[in-house]
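Chemist: One structure coming up, written as structure tokens, with questions to follow.
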Amino acid sequence: MERHLFLRAHAHRWDEERAWETPDATLLRVRREGTAREPGRPAARVQLVGTGRPDALAELLVQATADAGGPASAMLTRGTWALVPPEVRARYALVTGRGWDWMWSTTPPAPQPGEDRVAPMGPGREDEVRACLAVAYPETSADPGDQALAWWGYRDEDGLLRGVVAVHAPDDGGIHLSGLGTDQRWRRRGVASAMMAAVTRWGLTQRPYVHYGIWADNDAARRVYTRLGYRVGHEVENLAPEG
């Protein structure tokens, strides 16, 4: 089932401590390591991760807070938190943030114009990637200094980097893409489509699926990825401490 696939696809990011499950929902209590891009967070933090039908997941959250107490954050099926009883929400002391969609594909996309300009960056290019991200996607959490990530880039006719995307290939699961950004001066020229098509096609030679997350309100990105064969596998709401 797709709700289990989402959990498997992200399992490398955490250590599972406990699970609650029904036929319609799954809730995990996990411990996640912090990153260099999250300096204000503790080195390890407890998080609840839930998938499945919102009403069923809300019932599991009631059980979880009674069994194990509140977490530092949560990542749930979108629409779940509103169904949790107010007194339980108060005990968790979390508020919802911006929603996002987990998209995945098992289908190699059709060739796109500009793919000949897309290639792996190779080691030692961290400063070049950072410079591109500064004008392409400065708010990304993908860190060029993270040794687990391999970066691909799109270069213009003069060899200048105009777009980048990070590739993570854990030992198990699919290929995870993140940090995709295009230089603002080069948007609407097919750069993102070329990068996603080339990297997705390569990724599917390495793993059974490729996955990526987009903000739920990013309709332009959604159109690009849907056209390349991606589909939404999980609609997510993030929760964090108030303030």
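The values are calculated or read from the model by the stated rules, or taken from the named source; none is laboratory data. Computed from a prediction, not measured in an experiment: that's the story for all the values here. Backbone-built Cβ (ideal geometry, glycine too); neighbour counts: all protein chains shown. All accessible areas refer to the heavy atoms of the entire protein, side chains included, with ligands and DNA or RNA removed. Shrake-Rupley method; radii C 1.70, N 1.55, O 1.52, S 1.80 Å.
Chemist: Which of the residues spanning region 194-213 are in contact with an Asp or Glu (Cβ under 9 Å, 6 or more places away or on another chain) and either in a helix (DSSP H, G or I) or open to solvent by less than 10 Å² (accessible area, probe 1.4 Å) (or both)?
Modeler: Matches in region 194-213: 194, 195, 197, 198, 201.
Chemist: Which residue out of 162, 222, 185, 201 is farther than 24 Å from residue 131 by Cβ and out of contact with any Pro (no Cβ under 7 Å at 6 or more places or on another chain)?
Modeler: It is 222.
Chemist: Can I ask one more? So which residues in region 101-123 are open to solvent by less than 30 Å² (accessible area, probe 1.4 Å), among the hydrophobic types (A, V, I, L, M, F, W, C) and part of a strand (DSSP E or B), if there are any at all?
Modeler: Passing the criteria: 102, 103, 104, 118.
Chemist: Which of the residues that make up region 155-172 are open to solvent by less than 20 Å² (accessible area, probe 1.4 Å), at pLDDT 95 or above and not hydrophobic (A, V, I, L, M, F, W, C)?
Modeler: 156, 163
Chemist: Next question. If residue 57 satisfies every condition in (1) modelled with pLDDT of 95 or more; (2) under 30 Å from residue 143 (Cβ atoms) but one, which is the exception?
Modeler: It is condition (2) that residue 57 fails.
Chemist: Still on this structure, please answer the following. Limited to region 1-25, what total is found for residues that are open to solvent by less than 60 Å² (accessible area, probe 1.4 Å) and either under 28 Å from residue 146 (Cβ atoms) or of a type in the set (A, V, I, L, M, F, W, C) (or both)?
Modeler: 12
Chemist: Are there any pairs, at least 6 apart or on different chains, whose C-beta atoms fall under 9 Å, with the first in region 181-198 and under 10 Å from residue 154 (Cα atoms) and of a type in the set (Lys, Arg) and the second in a helix (DSSP H, G or I) and open to solvent by 10 Å² or more (accessible area, probe 1.4 Å), and if so, which?
Modeler: none
Chemist: Here's another thing I want to ask about it. How many of the residues making up region 207-242 are farther than 25 Å from residue 89 by Cα, in contact with a strand residue (DSSP E or B) (Cβ under 7 Å, 6 or more places away or on another chain) and among the charged types (D, E, K, R)?
Modeler: Residues that pass the stated criteria total 3.
Chemist: Collect the residues in region 133-151 that are surrounded by 14 or more Cβ atoms within 10 Å (Cβ to Cβ) and within 17 Å of residue 221 (Cβ to Cβ), keeping them in residue-number order.
Modeler: Within region 133-151, 133, 136, 137, 140, 142 meet the criteria.
Chemist: Something else now. Report, ordered by the first and then the second residue, all pairs with beta carbons closer than 6 Å, sequence separation of six or more or different chains, a first member in region 205-229 that is of a type in the set (Phe, Trp, Tyr), and a second member that is crowded, with 18+ Cβ neighbours inside 10 Å.
Modeler: 209/104; 209/174; 212/103; 212/177; 215/100; 225/103
Chemist: Oh, and also: So for region 173-184 (the condition being in a loop (DSSP other than H, G, I, E, B), open to solvent by less than 60 Å² (accessible area, probe 1.4 Å), farther than 30 Å from residue 94 by Cβ and at pLDDT 95 or above), does at least one residue qualify?
Modeler: Yes: region 173-184 contains one or more residues that are in a loop (DSSP other than H, G, I, E, B), open to solvent by less than 60 Å² (accessible area, probe 1.4 Å), farther than 30 Å from residue 94 by Cβ and at pLDDT 95 or above.
Chemist: In addition: Answer yes or no: is there a residue in region 180-200 that is among the charged types (D, E, K, R) and within 16 Å of the chain's Cα centre (by Cα).
Modeler: Checked against the condition, which is being among the charged types (D, E, K, R) and within 16 Å of the chain's Cα centre (by Cα), region 180-200 yields no hits at all.
Chemist: From the residues in region 49-95 that are under 30 Å from residue 200 (Cβ atoms) and of a type in the set (Val, Ile, Thr), which one is farthest from the chain's Cα centre (by Cα)?
Modeler: Applying the filter and picking the extreme gives 80.
Chemist: How about region 69-87: which of its residues are farther than 17 Å from residue 26 by Cβ, modelled with pLDDT of 90 or more and open to solvent by less than 70 Å² (accessible area, probe 1.4 Å)?
Modeler: 73, 85
Chemist: Taking region 214-228, which residues are part of a loop (DSSP other than H, G, I, E, B) and either open to solvent by 30 Å² or more (accessible area, probe 1.4 Å) or in contact with a Phe, Trp or Tyr (Cβ under 6 Å, 6 or more places away or on another chain) (or both)?
Modeler: 216, 217, 218
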